[in-house]
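Input: a single structure, listed below in structure tokens.
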């Protein structure tokens, strides 16, 4: 009886571990799969900001753009604390498949086809999962989607346009406004008598 209890406990523990494992749907590299995403590019991680609240950010230097609009430096938001979450590290090369969160930012789904480049091909677990290696994926993207031109970032000339005035500026504007109203009232009364 003790043996059966231990076996039952072991099976239960194994099943509970499997229920929390990351299980993303398997995909194959195809144009239909690429059409699910709004932006696809190959780039190198320039900086990573760890999770604040629910999202972290990774800034990429885009090397090749296959789909969508992106500038040379492009920000990707990623969820933290989710089942299939991975980590970005500075200097890593990735192929990113993503959707736009804002005009200049994308949000990454960890179950997308996004994959990291491994110098040692034996470490590339994506090759087993996706059925192709990193270089085959790059070749497919270059041939089927082509290389797109990246957006150029232009310096904004209206940078401080929406800044609130300081307290002193606000008081000065109020005093000048009240003085202008009083002057107008005095002139109006003086020259336009009814």
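The values are calculated or read from the model by the stated rules, or taken from the named source; none is laboratory data. These numbers were taken from a predicted model, which means no experiment stands behind them. Positions of Cβ are generated from backbone atoms using ideal geometry, with glycine treated the same way; all protein chains shown enter the neighbour counts.
What the table below lists for this structure:
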| quantity | calculated |
| --- | --- |
| Filter result for residue 57 (in a loop (DSSP other than H, G, I, E, B) and either touching a helix residue (DSSP H, G or I) at 6+ places or on another chain (Cβ under 9 Å) or farther than 20 Å from residue 128 by Cβ (or both)) | no |
| Candidates 97, 126, 66 - the one that is under 16 Å from residue 24 (Cβ atoms) and over 15 Å from the mean Cα position of the chain (by Cα) | 126 |
| Pair list, Cβ < 8 Å and 6+ apart or interchain, from the range 80-98 residues that are at positive phi to residues that are surrounded by 12 or more Cβ atoms within 10 Å (Cβ to Cβ) and at pLDDT 85 or above | 91/44; 91/45 |
